[in-house]
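One structure is given below, encoded as structure tokens.
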Amino acid sequence: MKRLRLAIAGLTACSGCQLLLLNCEDELPELMEQFEFHYFQMACSPALLEGSYDAALVEGCISMPHEVELLQELRRRSKYLIALGTCAVCGGVAALRNSDERELLRQMVYGQNAVAGETFNPQPLNSVVQVDAVVTGCPPEKEELLRLLMGLVRGALPVAIDYPVCTECRMRENLCLLTERNKFCLGPLTLGGCGARCPSMSVPCEGCRGPVPEANLKEALEVYNQKGFDRQTVLECLRRFCPEWKL
Ligand code: SF4
Ligand code: SF4
């Protein structure tokens with residue numbers, strides 16, 4: 001059987017999403033029967049772009065001119081381009097300080113006299129190219145990544161999740177940390193798919209999967225307000241993983 005050609009690329013990121021694929025240790029032998037992996041910087045040496053790809057999985061956001069060129073090249077060569085992880089989907093932690101002046105940040109990190117290459121405010125992939133599907137999360141859930149890969153084998157892209165973390169949290173019959181414990185939990189505004197991993201361990205949702213579409217902001221803000229969390233607190237927390245959030 002002909003194996004599908006996959007390009008795995010990492011842009012401005014921590015490489016945690018690439019590592020997620022390598023961590024699928026039990027499934028890797030079967031994956032190797034279905035896929036050829038290319039341009040996989042964390043696993044291949046040297047990482048080269050050659051020919052066309054059935055899909056490109058791209059981790060990280062863009063913050064440097066050469067990343068824009070690489071992303072456009074991947075788009076040209078690939079039938080599907082998939083944003084892998086919150087950085088790629090909405091900017092993620094790399095874009096956390098987008099509201100600060102870049103020159104100031106450069107000096108804070110590298111010192112007054114450091115010579116740094118050209119960079120710009122980190123942006124999600126869809127600010128430059130068309131994205132066909134997303135697997136969000138910081139990092140994503142392993143099962144979601146495997147579902148995507150098995151879907152590609154059948155020639156299909158995954159159905160987009162459109163419900164919040166609260167949906168899965170209530171299905172697991174957890175106590176609500178927000179309404180019953182007065183803890184600040186971003187579950188109502190955050191895209192589900194993680195099985196409410198954190199609230200199920202009594203840890204409030206931090207919003208690492210980015211915003212749920214059509215979130216009921218008005219209602220959520222009212223509940224937060226009743227619990228003593230003001231609009232600014234909500235906004236600052238939401239922007240940790242999705243800097244473009246507007247309330
Ligand atoms: S989404 Fe999270 S795990 Fe993935 S590259 Fe970005 S910071 Fe790392
Ligand atoms: S604990 Fe958080 S995620 Fe769970 S239902 Fe309450 S607000 Fe939603």
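The values are calculated or read from the model by the stated rules, or taken from the named source; none is laboratory data. In this text the structure is predicted, and so the values were computed from the model without any measurement. Virtual Cβ from ideal backbone geometry, glycine too; neighbours counted across all protein chains shown.
Listed by first and then second residue, the pairs with beta-carbon distance under 6 Å, at least 6 apart or on different chains, first residue in the stretch 215-229 and modelled with pLDDT under 95, second part of a helix (DSSP H, G or I), are A215/L189; A220/P188; A220/L189.
In the stretch 181-201, the residues that are within 17 Å of C242 (Cα to Cα) and within 8 Å of ligand 2 (Cβ to nearest atom) form Cβ pairs under 9 Å with partners that are among the acidic types (D, E) and modelled with pLDDT of 95 or more, at six or more places apart or across chains, as follows: C185/E206; L186/E206; G187/E168; T190/E206. Selection of the stretch 165-179 for residues being more than 6 Å from ligand 2 (Cβ to nearest atom), closer than 18 Å to G193 by Cα and not in a helix (DSSP H, G or I) yields R172, E173. Among residues of the stretch 196-226 being within 16 Å of the chain's Cα centre (by Cα) and away from ligand 1 (no atom under 16 Å from the Cβ), the one that is surrounded by the fewest Cβ atoms within 10 Å (Cβ to Cβ) is P213. Hey, any hits in the stretch 99-121 for a residue that's buried (at least 22 other Cβ atoms within 10 Å of the Cβ), not polar (S, T, N, Q) and not assigned by TED's automatic domain parsing to the domain that holds R209? No, that holds for no residue. Restricting the stretch 40-62 to residues that are crowded, with 22+ Cβ neighbours inside 10 Å and more than 17 Å from L152 (Cα to Cα) leaves a set whose member that is farthest from ligand 2 (Cβ to nearest atom) is I62. Checking K79 against (1) in the same structural domain as P213 (by TED's automatic domain parsing); (2) exposed (fewer than 15 other Cβ atoms within 10 Å of the Cβ): exactly one of these is not met. Which one? Every condition holds for K79 apart from (1). Quick check: anything in the stretch 232-247 crowded, with 17+ Cβ neighbours inside 10 Å, more than 15 Å from the chain's Cα centre (by Cα) and over 24 Å from E27 (Cβ atoms)? Checking the stretch 232-247: at least one residue is crowded, with 17+ Cβ neighbours inside 10 Å, more than 15 Å from the chain's Cα centre (by Cα) and over 24 Å from E27 (Cβ atoms).
The test for being farther than 23 Å from L22 by Cα, in a helix (DSSP H, G or I), of a type in the set (D, E, K, R) and in the same structural domain as Q18 (by TED's automatic domain parsing) does not hold for E144. In the stretch 103-113, the condition of being in a loop (DSSP other than H, G, I, E, B) and in contact (Cβ under 8 Å) with a residue 60 or more places away in the chain is met by no residue.
When you scan the stretch 174-182, do you find a residue that is under 19 Å from the mean Cα position of the chain (by Cα) and farther than 28 Å from L21 by Cβ, even just one? No, every residue in the stretch 174-182 fails to be under 19 Å from the mean Cα position of the chain (by Cα) and farther than 28 Å from L21 by Cβ. In this structure, does P188 turn out to be in a loop (DSSP other than H, G, I, E, B), more than 16 Å from ligand 1 (Cβ to nearest atom), touching a Leu at 6+ places or on another chain (Cβ under 8 Å) and not hydrophobic (A, V, I, L, M, F, W, C)? Here the answer is no, as P188 does not meet what is asked. Here the condition is being modelled with pLDDT of 95 or more, outside the structural domain of L21 (by TED's automatic domain parsing) and surrounded by 15 or more Cβ atoms within 10 Å (Cβ to Cβ); of C185, C138, it holds for C185 alone.
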